1. Kindly indicate whether SER30 is surrounded by 10 or more Cβ atoms within 10 Å (Cβ to Cβ), within 21 Å of ASN4 (Cα to Cα), free of Cβ contacts under 8 Å to residues at least 24 places away in the same chain and of a type in the set (Gly, Ala, Ser).
2. Only one residue in SER9, SER51, SER57, SER29 is touching a His at 6+ places or on another chain (Cβ under 7 Å) and at negative phi. Which one?
3. Restricting attention to segment 5-35, and to residues there that are polar (S, T, N, Q) and under 13 Å from the mean Cα position of the chain (by Cα), which single residue is farthest from THR48 (Cα to Cα)?
4. Quick one: HIS38 ticks every box in (1) at negative phi; (2) loosely packed, with under 12 Cβ neighbours inside 10 Å; (3) over 12 Å from the mean Cα position of the chain (by Cα) bar one, so which box is it?
Amino acid sequence: DVINALKDSGQHHCLVLERETHKIRGIFSSNELSRRLHVPIDIAKPSTFFSLFKALSH
């Protein structure tokens, strides 16, 4: 599922590649999918160790 892949990666865009030739065949945009499907798609950046450490050290 494209939306779950975008959410899991924390990315707003995803390239579609052809496996054999590695040519770019398209791009998915969370904003465009949200607009066309009429559903909100919340993309949050995944937490990093540094961001967790920084939050805990305050």
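1. Taking the combined requirement at face value, the residue does not satisfy it.
2. When all the criteria are applied, what remains is SER29.
3. SER34
4. The one condition HIS38 does not meet is (1).
Read-outs throughout are calculated quantities, based only on the coordinates presented, and are distinct from any laboratory measurement. Everything quoted here is computed from the prediction, not taken from an experiment. Cβ: placed from backbone, ideal geometry, glycine included. Neighbour counts: every protein chain shown.
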